[in-house]
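To start, the structure under review is shown below, and the notes come after it.
Every number in this text was worked out from the coordinates using simple rules, so none of it is lab data. All of these numbers come straight from a predicted model, not from anything done at the bench. No Cβ is skipped: glycine too gets one built from the backbone with ideal geometry, and neighbour counts run over all protein chains shown.
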Amino acid sequence: MDNPRTIVQQFDLVTTRSQMTLGVMASGHLVCLYLGPRLASRASFKNLLTDLNHASYLADTDGVHNFRLEQLPLAYPTFGNPDLREPALVVADETGSRITDLRFDHLETYPHKPAITGLPSARWDEQTRTWAFVLKDERLHLQVTLVISADEDHDVFSQHVICTNQGSHGLTIERAFSFNWDFLSDQYQMLNLTGAWSRENHLQWTPLKQGFQGVDSKRGASGHGQNPFIALAAPGTTWDHGQVIGVNLVYSGNFIAQANVDMHQNTRLQIGINPFNFSWQLNAHRTFKTPEATIVIAEHGLNELSARYQRFYQDNLMRSAIAKTPRPVVINNWEATYFNFNKQSLLTLAKKAKQVGAEMFVLDDGWFGQRNNDTSSLGDWIPNTKKLGGSLTALIKEINQLGLHFGLWVEPEMVSPNSDLYRRHPNWIVADEKHQPQLTRSQYVLDMSRSDVQDYLIDTLDTLLTENNIEYLKWDMNRNITDAYTQTVPPRRQGEFEHRYMLGLYSVLKALVTKHSRLLIEGCAGGGGRFDAGMLAYCSAIWTSDDTDAIARLPIQEGTGLLYPAAAMSAHVSAVPNEQIGRKTSLTTRRIVAEQGCLGYELDLTKLTAAELAAIQTQIASYKKLRRILQFGQLIRLPVAEPGNQWAWLKKTADQIIVDRVTVLVQPNTVEKRQRLTGLPPNALYFEQQTQRTYAADFLMQVGLPVDRPTGDFFSQRWILSRV
Ligand code: DGJ
């Protein structure tokens with residue numbers, strides 16, 4: 001054989017600015033050749049790998065001396081062959097053998113992008129092309145297809161994998177990642193979004209080291225502690241400089257996103273369903289499709305990565321009927337009343353809300369069954385007419401008559417032990433037959449993989465929506481899955497449960513938005529415990545965090561807004577001292593931070609002074625004038641002298657810019673520097689309202705705007721610039 005590492009076929013997948021090049025070696029293995037900015041001319045990668053041969057303790061491949069698969073950048077590594085690093089696919093056959101050897105069979109191309117049945121995925125547009133790399137293990141009768149789409153206009157690649165059993169024996173998939181890329185280097189910083197409840201999605205940078213690193217969830221949801229995202233960036237990458245490759249999973253359940261640096265300073269980047277507690281029975285002639293991974297390559301730092309993700313998700317992932325619909329200003333009663341309300345107090349709050357200019361009244365929790373605290377009634381989605389002073393329909397009518405739209409909180413995936421639903425269907429919960437299932441917040445999880453549970457929820461929610469003028473649903477989910485077990489599959493297939501749960505959840509959401517196409521859904525999971533691209537495919541917004549403190553929200557929204565559109569990031573002005581952490585911040589700062597996302601109010605307006613109400617009224621009036629740019633303008637993070645203490649960002653459309661800046665702690669005896677902007681068109685001129693001056697774009701980017709001296713901690717400042 002000629003050198004088995006010679007590239008005999010090369011495939012350049014390109015978008016306007018990015019390139020992914022794969023190749024087939026003479027040995028038939030599909031390999032990763034290049035992932036980065038688009039190369040100006042077509043380069044041949046024929047000999048990239050021919051000389052790769054470290055002196056090492058590695059197995060030969062195909063009986064060829066020194067042909068070591070483990071040194072090569074494989075596109076979809078499997079187990080049981082000479083590459084003994086972390087596989088992307090593990091499949092067991094009927095004998096129990098997990099040895100799998102995939103070789104390239106053929107390529108199919110499409111001028112579109114196939115949907116992934118049962119799972120959310122990005123839509124395609126005219127500029128999307130798809131390459132389906134068909135790999136086979138002939139002995140196993142296993143076909144594995146890497147379906148890679150390039151969205152030229154949005155500069156985004158996406159990949160999912162289809163496993164097909166073409167034989168007559170059953171196979172068991174033990175892992176099937178959505179994306180694997182092998183880099184011949186370890187010179188990267190890893191970026192993840194990590195945190196906890198009330199502290200979600202902080203940026204976490206770690207230099208790569210030999211071995212495993214990354215994040216995963218085994219919680220049955222993407223989780224508060226980590227987002228299904230991983231990026232590798234050049235050392236020293238900032239918001240404006242440095243090459244970065246981001247990978248995000250369009251999935252809301254258990255996932256893993258990891259980078260493994262091997263013995264030879266190569267990095268294997270992987271994302272997909274978490275193989276922990278996962279398996280899937282692949283019967284003869286059946287297929288399994290993984291969730292989609294989206295891959296973005298930015299040449300100039302995180303702002304570029306962020307812009308691409310946000311625009312792509314806005315245009316091609318979120319429901320087209322609502323993605324660009326201006327989001328209403330919400331008044332949510334949760335932090336205003338908690339469970340303690342009646343018809344009169346709701347209407348009093350609604351009147352005040354109307355008076356200050358809010359548009360959507362969201363009734364949060366406590367409206368159904370006997371629910372006066374969090375210990376009962378989940379599952380009984382029947383209005384508590386005593387508490388609501390009559391029917392829900394009548395209450396909504398009165399709220400509508402005040403000139404407000406109406407939204408309702410639900411937590412469909414859950415059931416309280418003290419509920420009629422649980423008494424009727426105790427076997428609908430997630431539990432095995434031997435253990436007492438665990439409670440969190442006094443509730444069990446419904447087994448969403450059951451079709452009777454799905455039907456019940458679709459039917460119940462559809463009836464609520466059809467019989468009432470509900471234009472907004474807050475879909476909460478306040479606990480993770482323990483006792484993972486389902487009665488819907490036999491014992492040896494229990495590894496399918498948590499993925500089947502997600503498929504069930506997505507099918508319920510899909511059924512509802514298909515029937516109620518204009519319905520706005522605000523996702524929520526005790527704050528941002530399931531803020532991911534999977535949920536974004538159904539939701540107009542997602543509650544970013546239960547922490548509503550303006551200062552605590554700064555890093556949370558920085559991380560969340562890195563990937564997800566600002567209009568989808570619910571952010572509310574709440575009371576001071578803040579309910580979660582007791583901090584006092586000004587109404588102006590609370591508003592400026594909330595307007596970074598999708599603005600709402602969540603406090604007892606009836607307790608505010610006339611001056612505070614007037615200030616809120618002015619805020620909302622000005623927000624409505626700036627709504628287009630604040631919700632749909634490009635969000636750009638700006639450089640500051642003291643990161644962590646100073647925060648600055650702008651929102652930009654073709655003719656307007658809004659710049660916001662927050663200083664956390666004021667420093668004594670310092671001179672405030674200027675706030676420099678980035679990302680402006682070079683020759684533009686802008687008129688700034690506060691200073692009443694005209695500035696050239698390059699001046700704004702090189703010299704900046706004058707910053708006011710802070711009058712105390714948590715000081716904020718806004719500039720509004722119009723292009724002249
Ligand atoms: C948790 C959510 O994050 C809150 O905003 C609120 O909706 C409560 N649940 C209601 O129980």
**Asked** Efficiency by 1/(1 + (r/R0)^6): what FRET value for residue 583 and residue 46, r their Cβ-Cβ distance, R0 = 60 Å, to the nearest 0.05?
**Response** 0.50
**Request:** Classify the stretch 572-724 as rounded, prolate or oblate, taking a ≥ b ≥ c as the square roots of the eigenvalues of its Cα gyration tensor: rounded when a/c is under 1.5, otherwise prolate if a/b is larger than b/c and oblate if not.
**Result:** oblate
**Prompt:** If you line up the long axis of helix 610-632 against the longest principal axis of the chain, both from Cα atoms, how many degrees apart are they, to the nearest 10?
**Reply:** 30 degrees
**Cα Rg, Dmax, the stretch 653-698, angstrom units** = 13.3, 39
**Complete:** Taking every DSSP bridge whose two residues both lie in the stretch 330-636, the antiparallel percent to the nearest 5 is 15 percent
**Fill in**
For the chain, longest principal axis from Cα atoms; helix 343-356 axis from its Cα atoms; angle between them, nearest 10 degrees, is 90 degrees
**Complete:** The rounded separation in angstrom of the Cα centers of the stretch 380-394 and the stretch 448-469 is 18 Å
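Relative contact order for the stretch 580-659: what is it in percent, counting Cα pairs under 8 Å that are at least 6 residues apart?
20 percent
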**Fill in**
To the nearest 20 debye, the stretch 638-723 has a Cα-centred charge dipole, built from +1 on Lys and Arg Cβ and -1 on Asp and Glu Cβ, of 140 debye
**Message:** For a quick check: with amide H placed at 1.01 Å from N, whose amide H comes under 5 Å from residue 91's, ignoring anything fewer than 5 positions away on the same chain?
**Reply:** 79, 174
**Asked** Is it possible to state the helix-based mean residue ellipticity at 222 nm for the chain, with each DSSP H run of 4+ residues giving -39500 (n - 2.57), the sum divided by total residues, to the nearest 500 deg cm²/dmol? What is it?
**Response** -5500 deg cm²/dmol
**Item:** 20 °C / 1.002 mPa s Stokes-Einstein diffusion coefficient of the stretch 330-636, Kirkwood radius on C-alpha pairs, µm²/s
**Value:** 107 µm²/s
**Message:** How much of the DSSP bridge set in the stretch 295-425 is antiparallel, in percent, rounded to the nearest 5?
**Reply:** 10 percent
**Asked** With the Cα gyration tensor of the stretch 247-299 giving a ≥ b ≥ c as the square roots of its eigenvalues, does the rule (a/c under 1.5 for rounded; else a/b larger than b/c for prolate; else oblate) give rounded, prolate or oblate?
**Response** prolate
**Prompt:** In whole angstrom, how far apart do the alpha carbon centroids of the stretch 50-108 and the stretch 1-34 sit?
**Reply:** 16 Å
**Fill in**
Expressed in Å to one decimal, the Kirkwood Rh of the stretch 638-723 from all distinct alpha-carbon pairs is 13.2 Å
**Message:** Please report the antiparallel percentage of DSSP beta bridges with both residues in the stretch 511-655, rounded to the nearest 5.
**Reply:** 25 percent
**Complete:** Taking Cα atoms only, helix 302-312 is inclined relative to the longest principal axis of the chain by an angle, in degrees rounded to 10, of 80 degrees
**Request:** Please find the FRET efficiency linking residue 2 to residue 683, where r is the Cβ-Cβ separation and R0 is fixed at 60 Å, and quote it to the nearest 0.05.
**Result:** 0.65
**Asked** Which order do 722, 377 fall in if you start with the one that has the fewest other Cβ atoms within 10 Å?
**Response** 722, 377
**Fill in**
At q = 0.06, 0.10, 0.12 1/Å the base-10 log of I(q)/I(0) from the Debye formula over the alpha-carbon atoms of the chain is -0.37, -1.01, -1.35
**Request:** Mind jotting down the three principal axis lengths of the stretch 85-145 based on Cα atoms? Whole angstrom, largest first.
**Result:** 45, 25, 23
